[in-house]
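Heads up, the thing below is written out as structure tokens.
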Amino acid sequence: MCLAIPGKVEQITTDGNVRMGRVNFGGVVKNVCLDYVPEVVVGDYTIVHVGFALSKIDEQSALETLDLFRQMGALDEELATEEEAFARAAHAPQSACPDGSCELTGQSLRSTETKSERGQ
Amino acid sequence: MKYLNEFRDGQVAKRMAAEIRQITTRPWKIMEICGGQTHSIIRNGIDQMLPPGIEMIHGPGCPVCVTPLALIDKALAIAAQPGVIFCSFGDMLRVPGTDSDLFQVKGRGGDVRIVYSPLDAVELAARNPDKQVVFFGVGFETTAPANAMSVHLARQRGLKNFSLLVSHVLVPPAIEAIMSSPENKVQAFLAAGHVCSVMGFWEYPPLADKYEIPIVVTGFEPLDLLDGIRRAIIQLEKGEHHVENAYERIVTYAGNLGAQQLLAEVFELSDRSWRGIGLIPNSGWRLNDNYRKFDAEERFQISGIHTEESPLCKAGDVLRGAIKPESCPAFGKECTPRHPLGATMVSSEGACAAYFNYGRFLSAEELANSGAVHA
């Protein structure tokens, strides 16, 4: 819940006195409050937590981070629609390592073969 | 892939792990504060790459986990009331109260909504003037600017049917509480990167001085974590203790001044009970006098709630770093993410959920039999 996800600012609007924008997170576009990042302009990348941009970030770091967070499943959780979030709560895992990821635990970084197998 | 560069390259991680092994001459215990970091460490096997003497102690930085049971019971009571739309982030749904959880309250007809942003709850209040809309404002400093803005806008828009059930906690007082505890084993901290994106790290040098501990502001990605650990060990080995920023691409010393300004306008310091840890003085925020009428605890006078922790659950010991999740007798037996006894098994930032989801407690043979490993 403390994760902030990088996204690209596609549009900036004003809602009342509040600076808002459309931010694209690797394909998922959300309404985001840009009030705390007055320096950010269209085309910039920013890290976003619960619909609020907190800090500007350079494009390369943003894309790398997005890719990693996607692999870690963090994007699905942070950007879930209400239906998806309810479904997630309903289907909380009952057996260990439900996504099979524990086969990678401790190996994903140690083995470059693992990385190449995972499709570059 | 164009942005696959050395940052996530296994070779770089290997080299960093080798360097950590090289510089480490003694055992050290390092706490990562943030539950997001705990998940990254376990998911990526970072702890298993470290020399045997380096122990990562998982910290209390899981906001859902430390929200006191009494407040969760209060949330459940408010959410069950007719005429209330109760809004929360998704990770609160399965957190067990004494008798129920938000998911079950919804099943019994309560109007429980999951929102992406607190501003969605403000919009719901504007569109449903005949309903009371309550947002469960749980979180550390990272989430507080969003909740502060929601209540600020509700006041600006004259919304009388919006309120915030506040459970805000802060990292620096938690560090104080951990370091002051007689059972403390922590010798260095990895500070939570995104908390510091809001607050900066100007609060930490006095703590590093007072307790003579290295504090390294650290990110969430595998190489960020390895770098944070490496820097902490370098300080420990040299007997130094200062604050370092290993997350410069996001964090500045001053932090986000606009956010800090609104936080100061909306909140004031207050004592907070941390689930499993107990009361920590001045360890959280509550709405100040100007915004108190938006406080759901004031608006809904809930009393007579029976609150009782599960006697089987050792979440408090896990949150203090006193035990690892798999040492709890209920772990993976009576307690699973589907049927959690404690919040640490629910939240994606909870240490118990991390150990469970990544099969950390199973032997290789058990893992193979569980069907989780696809040979």
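All of the numbers you see were taken from the coordinates with simple rules; none came from a lab. Bear in mind that the values here come from a model prediction, so they are computed numbers and not experimental data. All Cβ positions, glycine included, derive from the backbone under ideal geometry; neighbour counts span all protein chains shown.
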Point to revise | Neighbourhood net charge (12 Å Cβ-Cβ; Lys/Arg +1, Asp/Glu -1) for B:Tyr355 | key: +1
Revision key, fill the gap. Residues whose built amide H sits under 5 Å from the amide H of B:Phe300, excluding neighbours closer than 5 in sequence, are none
Check your understanding: Rg to Rh for segment B:33-314: what is it, with Cα atoms only and Rh by Kirkwood?
Key -> 0.99
Study note, to complete from the structure: Non-local residues with an amide H under 5 Å from the amide H of B:Phe135, with H modelled 1.01 Å from N and Pro and chain starts lacking one, are B:Cys87, B:Ser163, B:Leu164, B:Leu165
Study note, to complete from the structure: If each part is reduced to its alpha-carbon centroid, segment B:71-114 and segment B:149-195 end up apart, in Å, by 22
Review point. For a label point 7 angstrom out from the Cα of B:Ala70 toward its Cβ, which stretches of segment B:280-305 have the backbone nitrogen within less than 20 Å?
Key: B:280-288, B:295-305
Point to revise | 3J(HN,Hα) from dihedral phi, segment B:48-59, Karplus parametrisation 6.51/-1.76/1.60, rounded to Hz, x for glycine, proline | key: 7, 8, 7, x, x, x, 8, 10, 8, 9, 7, x
Practice item. Note down the magnitude of the dipole of segment B:33-314 about its Cα centre, charges +1 on Lys and Arg C-beta and -1 on Asp and Glu C-beta and zero elsewhere, to the nearest 20 debye. Key: 860
Review point. What size of dipole, in debye to the nearest 20, comes out for the protein assembly as shown about its Cα centre when the only charges are +1 on Lys and Arg C-beta atoms and -1 on Asp and Glu C-beta atoms?
Key: 320
Check your understanding: Farthest toward the dipole's positive end in the protein assembly as shown, which of B:Leu319, B:Trp202, A:Thr65, given Cβ charges of +1 (Lys, Arg) and -1 (Asp, Glu) about the Cα centre?
Key -> B:Leu319
Review point. Quick one: Karplus J couplings for segment B:81-87, per residue in order, coefficients 6.51, -1.76, 1.60, θ = phi - 60°, nearest Hz, x for Gly and Pro?
Key: 6, x, x, 10, 9, 9, 10
Practice item. Collect residues whose amide H, placed 1.01 Å from N in the peptide plane, falls under 5 Å from the amide H of B:Glu244; neighbours closer than 5 in sequence don't count. Key: B:Ile215, B:Val216, B:Val217
Check your understanding: So if we plug the beta-carbon distance of B:Glu309 and B:His339 into 1/(1 + (r/R0)^6) with R0 = 22 Å, what FRET efficiency do we get, rounded to 0.05?
Key -> 0.90
Point to revise | Long-range Cα-Cα pairs in segment B:267-366 (distance over 16 Å), rounded percent | key: 66
Practice item. Please report, in debye to the nearest 20, how large the charge dipole of segment B:192-348 is about its Cα centre when each Lys and Arg carries +1 at its beta carbon and each Asp and Glu carries -1 there. Key: 380
Check your understanding: Of the beta bridges DSSP finds with both residues in the protein assembly as shown, what % are antiparallel, to the nearest 5?
Key -> 50
Exercise for review: Taking 7 Å along the Cα-to-C-beta vector as the label spot, tell me the B:Met179-A:Gln94 distance in nanometres, rounded to one decimal.
Suggested key: 4.6
Review point. What Rg and what Dmax come out for the protein assembly as shown when only alpha-carbon atoms are used, in angstroms?
Key: 21.5, 66
